[in-house]
1. Within segment 26-43, which residues are of a type in the set (S, T, Y) and modelled with pLDDT of 85 or more?
2. Condition first: part of a helix (DSSP H, G or I) and either surrounded by 10 or more Cβ atoms within 10 Å (Cβ to Cβ) or at pLDDT below 75 (or both). Now tell me which residues in segment 1-25 satisfy that.
3. In segment 26-40, which residue that is of a type outside the set (F, W, Y) and open to solvent by 100 Å² or more (accessible area, probe 1.4 Å) is farthest from the chain's Cα centre (by Cα)?
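The values are calculated or read from the model by the stated rules, or taken from the named source; none is laboratory data. Not measured: the values here are computed from a predicted model. Quick reminder, even Gly has a Cβ in these numbers, built from the backbone with ideal geometry, and neighbours come from all protein chains shown. Protein only, heavy atoms only, side chains kept; ligands, DNA and RNA dropped before computing areas. Shrake-Rupley method; radii C 1.70, N 1.55, O 1.52, S 1.80 Å.
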Amino acid sequence: MDDFSVEAVPVSPVPEPAIWAMMIVGFGAIGGAMRHRRQVSVRFA
């Protein structure tokens with residue numbers, strides 16, 4: 001039962017270019033949504 005090895009899990013140390021592209025597009029979409037969000041004004045009586 002002590003045969004567990006970390007080397008058996010294939011993990012890439014650097015993300016692929018497609019992942020970087022999706023991350024940049026996602027951040028851009030979030031920034032665009034925040035920029036175009038309607039401003040709420042609070043009025044007190």
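1. Residues of segment 26-43 that are of a type in the set (S, T, Y), as a first pass: 41.
Listed by number, the list is empty, since nothing qualifies.
2. If we filter segment 1-25 for residues that are part of a helix (DSSP H, G or I), which is where we start, we get 6-8, 17-25.
Matches in segment 1-25: V6, E7, A8, I19, W20, A21, M22, M23, I24, V25.
3. Applying the filter and picking the extreme gives V40.
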